Structure formats: C-alpha cells, structure tokens
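What follows is a single structure, written as structure tokens, with notes after it.
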Amino acid sequence: MPARIAINGYGTIGKRVADAVGLQDDMRLVGVAKTKPNFEAKLAIRKGYPLFALNKEASAKFAKAGLEVEGTLDDLVKDADLVVDCTPEESGYKSVYEKAGVKAIWQGGEEHSLTNLSFNAAANYAECVGAPFVRVPSCNTTGLIRTLFPLDAHFGVAKALAVMVRRATDPGDSKKGPINAIEPELEMPSHHGPDVQSVLPGLNIHTIAVKVPTTIMHLHTLSVDLKRTAEVSQILDLWKRFPRIAFVSGADGVQSTAQIMELARDLSRNRSDLYEIAVWQDGVHVVDGNHLFYFQAVHQESDVVPENVDAIRALLELEKDGRRSMEKTDRSLGIGIAR
Ligand code: NAD
C-alpha cells in the first residue's frame, strides 16, 4: 500500500512537492490543505488533488467561491501517514500533527529547534530513518550542503566562506523587494552558516548574504580551504558522482543565472524547475594547492523538492538506503539529464 501523504500549505514549495509525490510509486497524495480559494486552489482541483480547507472559516470562503472541499485540515491529517508542512514559517501546526499521531516534515523557514533534526539526503539520510519529525533546510542551505558535503567527506574542509547573492523574492510574488537596491544582511554570520551546521555540525563555515533585485535564482560565491591538496579535475570528478549537482559552462554561453534558467526551460521539466545545484565548471579554481574557489546557482523554488521526497521515504522507512531513495526520486523527476 503506498504511503498516504498530505500537504499543508499549497504555495511555491507545497505545489511542487505535491506534484513530485504524485510521481512516486510508493506514496500517494491524500490531499492538499489551503487557506484561500484562489487560482492555485482551482488548479489543484483540476489536477485531481483532493482539496481541504484549513478550518471551518476557510471552508466557508471556499463554499462562497463555489469550490467544493473534502473537509478541513483536521480531517486530512487523520487520513495521512505523514504531512509535508509547506506553510510560511512559524505557522505552528506541530501540536495538530502530534495530536493526530502523524509524522511531519517542515521547510527551511522553521528553526532547527522545531524538530532538532534537519535533513539532507546525501549527508544524513540514515540519521533520519524512522524519525517522527524532520526539517528540510532552506534552498540556500540545501545548495551549500550539496557541494560542501562531498568536499568535506573527501578532501576535508578546514574553513569555508560563502557569500550569497540572494534573489529578492519568487517570480510569482509582486509584493516584496528590493526592486532597485542591493540590501546587505547585516547580521553576521547570516543564518545560513549555522543552518548548514544543523546537518553538518563539524563544518567550519561562515556566510555573508546580500539581497538583489532578481527573482529567478540565488548565486553563491565560495572560498574553501581544503585540508588536503586537490586538482580542479579531482574536484569536478568528485561532484560528478553526485547527481544533484549539475554543471554549466561559461564557454557554452552560460554566463549568468538567466542562461541557467533558459537551459532549465529547454529541459522541458515540470515548471522548468532545476532541482540540481548548477556549478560553473570553468569557474572552479584551485590556488596554492588547497584554496578552492567556485560559483554555484540555486533554483530556490525547486532544489528542496527531491529532498522532501527522500525525507518522506526516510521517516516512513519506505527505503532505508538513502542512495537508493535518491536514485528513485531522481529518476522520477528527470534529475541527471542536465549533465
Ligand atoms: P508560499 O507563500 O509560496 O506558500 C505558502 C502557502 O501556505 C500559501 O498557499 C499560503 O496561502 C499558505 N498559508 C499561509 N498561511 C498559512 C497558515 N497559517 N496555515 C496554512 N497555510 C497557510 O511560501 P513558500 O515559498 O512555499 O514557503 C513555504 C516554506 O518553504 C517556508 O518555510 C519557506 O521558508 C520554505 N522555502 C521556501 C523557498 C522559496 O524559495 N520559496 C525555498 C525553500 C524553502
């Protein structure tokens, strides 16, 4: 029997996780819970996803808009083995899930302390097998872990500095900015460094962030002191063994995040999502044997989606081997074809 998965919060991340769950043969979507009867609710119904209103008050709004719902969040969680919570940060549903006795996965807007367990499939799948609750860290943190974990495991990371140029908001949002300014994050280190350490506790990392007027991707500039010397070719060969890292090249005309997203559109995946972290292979440099520099771009709307699918498998013990879960997820989403 496929595992029964519910999604609470059907926005940027929730709708992508819903679609990804629908592609797996060992899990099925039992419903999505929404607050408002907007276009996304209408499209969810059109896709055949059972739609639930958050509560009685929201149900009345759906009825007024002529949209039929199957019940409320309380009804949905009763029918689920696991809830993927994709609501905005601190929405506060932990007690609801505990009361219903369902497992749950939260997203990176939440603090690590909510679950005391944060997930990355390549780095710590085994630690999360059978856990009741886990958090998938943010898009930026996931992106940093994707390339730093292999480096630390194979060459040792003495010290890493990541300067992150962050997108202002997502493409579907017209409320946030900046639209004509560059905004430094004055807190130091930015929250991303400690967040990476929630999965890789021993990693010596500092992070600096600035927000810029773009919506399509984040860009990270990394400076990493390795414990052992390494050639660029060895680093590329190592990353090539991790399918959620894709390579792009300035020599091929990929000079900015604009061309990366054009490449993603040309791949014709669902929503043109790029689940992989894109590393410029001709932007990887080693100086004095062990000082590594590289650039990577993160499609913030989608890199956490395969991680959520693997986290479901880990928590529900549908697959105890992380590598096998990742391969299954990646096949279903077409990951790997960008290499
Ligand atoms: P979003 O605003 O696009 O979607 C949130 C959804 O939850 C919306 O449908 C909204 O109507 C609904 N909602 C709002 N308040 C709610 C409540 N109290 N109860 C239930 N539902 C409610 O947000 P998002 O970007 O999908 O972010 C969700 C989570 O994922 C956050 O923790 C965020 O930090 C994290 N995240 C976002 C991104 C990104 O780039 N957008 C990337 C990685 C992780």
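The values are calculated or read from the model by the stated rules, or taken from the named source; none is laboratory data. Bear in mind the structure is a predicted one, so any value in this text is a computation, not a measurement. Glycine gets a Cβ as well: all are built from the backbone with ideal geometry, and neighbour counts include every protein chain shown. These area figures cover heavy atoms from the full protein model, side chains too; ligands, DNA and RNA do not enter into them. Shrake-Rupley method; radii C 1.70, N 1.55, O 1.52, S 1.80 Å.
Segment 286-333 and segment 146-174 have Cα centres spaced 13 Å apart. With the convex hull of the Cα atoms taken as the outline of the chain, the averaged projected area works out to 16.9 nm². Using a simple spin-label model with pseudo-atoms 7 Å out from Cα toward Cβ, Glu57 and Ser95 lie 1.6 nm apart. Applying 1/(1 + (r/R0)^6) with R0 = 22 Å to the Cβ-Cβ distance of Asn204 and Asn116 gives a FRET efficiency near 0.50.
What number comes out for the charge environment of Pro201, summing +1 per Lys or Arg and -1 per Asp or Glu over other residues with Cβ under 14 Å away? It works out to a net charge of -3. Peptides 23-30, 287-294 ranked from most to least packed by the mean count of surrounding Cβ atoms within 10 Å: 23-30, 287-294.
The stretch between Leu161 and Thr221, if pulled fully straight at 0.36 nm per residue, gains 20.8 nm over its current Cα-Cα span. In terms of Cα to Cα distance under 29 Å, which lysines are near enough to Lys320, apart from those fewer than 8 places away along the same chain? Cα-Cα hits under 29 Å: Lys15, Lys78, Lys94, Lys99, Lys103, Lys240, Lys328. Screening the chain for whole DSSP H helices of 15 Å or more along their axis (Cα) with average Kyte-Doolittle hydropathy at least -1.0 returns 12-22, 139-154, 305-315.
When its C-alpha radius of gyration is set against 2.2 N^0.38 Å (N residues), segment 216-306 gives a value of 1.12. Each of the peptides 173-184, 61-72, 263-274, 32-43 was scored by the mean count of other Cβ atoms within 10 Å over its residues; in descending order, highest first, they stand as 32-43, 263-274, 61-72, 173-184.
What translational diffusion coefficient, in µm²/s and rounded to a whole number, does the Stokes-Einstein relation yield for segment 110-259 at 25 °C and a viscosity of 0.890 mPa s, taking the hydrodynamic radius as the Kirkwood radius over Cα pairs?
146
Residue ranges 225-234, 211-220 sort as 211-220, 225-234 when ordered by packing (mean number of other C-beta atoms within 10 Å per residue, highest first).
Plainly put, segment 152-193 has a radius of gyration that is 1.13 times its Kirkwood radius, both from alpha-carbon atoms, as the Rg/Rh ratio. Here the contact order of the chain, divided by its residue count and restricted to Cα pairs under 8 Å and six or more residues apart, works out to 18 percent. Summarised in one figure, the compactness ratio Rg/Rh of segment 179-260, Cα atoms and Kirkwood Rh, is 1.00. Please give the per residue accessible area of segment 111-233, computed with a probe of 1.4 Å over protein heavy atoms only, in Å². Each residue of segment 111-233 exposes 44 Å² on average to a 1.4 Å probe.
Here the alpha carbons of segment 12-143 define both size measures, Rg and Dmax, at 15.1, 47 Å. Simple spin-label estimate for Phe242 and Glu187 gives 2.5 nm between the two label positions (7 Å along the Cα-to-Cβ direction from each Cα). Computed from the alpha carbon positions, the gyration tensor of segment 196-237 leads to an equivalent ellipsoid with semi-axes of 25, 17, 10 Å, biggest first. Extending 7 Å from the Cα toward the beta-carbon at both Arg46 and Leu23 defines two label points whose distance is 2.1 nm.
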